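As structure tokens, the structure follows; a few thoughts come after it.
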Amino acid sequence: MKYLLIDSGFFIALYDERDKYHQNAVEFNCEYIENTNNSLMIPWPILYETFSTRMVRKRKNIKIFHRNLRFLMERKRIHFINDLPYREKALDDVFKELERKTEHYRDLSLVDRIVREILSASDLKIDIFKTYNHKDFYDICKRFRRLML
């Protein structure tokens, strides 16, 4: 069994057939989630980002997501990660970024900074990180030996 940290882009792509990563998300879902015993690690901010206005406008997608979530929860294959231990450092990093020279400024959202903090947590078992924003996470995954797909 592997522990997968999932980014919001995956969920959005999986449930939106018009998303450019939809086919990749469907294939990943089949290979790493549906046909396995792998567990999903989902930070709460990822759910906030996933259920943005764009996502909730499509009731059928929310129903499918809910059905899939219940299925995984019943099998104890979902672990919600509390972001409380990571929030303050991530928020501090947003403001520390202002001290950097313009050419080195990283325009990462607070959610992405929280995910980066989670990826750097040595006490969390994370085997694979699924994202479509590789450039925002490449360095942290490399440093903490997290496989990024």
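Give me the residue from segment 25-46 that is touching a residue at least 24 places away in the same chain (Cβ under 8 Å) and part of a helix (DSSP H, G or I) and, out of that set, nearest to the chain's Cα centre (by Cα). Break it down stepwise before answering.
First, pick out the residues of segment 25-46 that are touching a residue at least 24 places away in the same chain (Cβ under 8 Å): 28, 32-33, 36-46.
From what's left, part of a helix (DSSP H, G or I): 28, 32-33, 44-46.
On the way: Phe28: 14, Tyr32: 14, Ile33: 14, Trp44: 9, Pro45: 9, Ile46: 6 Å.
Taking the candidates together, the pick is Ile46.
It is to be established whether one or more residues within segment 93-100 are surrounded by fewer than 17 Cβ atoms within 10 Å (Cβ to Cβ) and farther than 23 Å from Asp139 by Cα. The answer is no; no qualifying residue exists. No other residue among Lys130, Lys60, Lys89 is surrounded by fewer than 14 Cβ atoms within 10 Å (Cβ to Cβ) and among the charged types (D, E, K, R) apart from Lys60. Of the helices (runs of 4 or more DSSP H) that lie entirely inside segment 49-149, those containing 3 or more residues that are touching a Pro at 6+ places or on another chain (Cβ under 7 Å) and of a type in the set (Val, Ile, Thr) span 110-119. Ala90 falls short on exactly one of the conditions (1) within 29 Å of Gln23 (Cα to Cα); (2) free of Cβ contacts under 8 Å to residues at least 60 places away in the same chain; (3) of a type outside the set (D, E, K, R), and that condition is (1).
None of the figures in this text is laboratory data; all of them are computed from the coordinates on show. Not measured: the values here are computed from a predicted model. Using ideal geometry, Cβ is built from the backbone for each residue, glycine included, and neighbour counts are taken over all protein chains shown.
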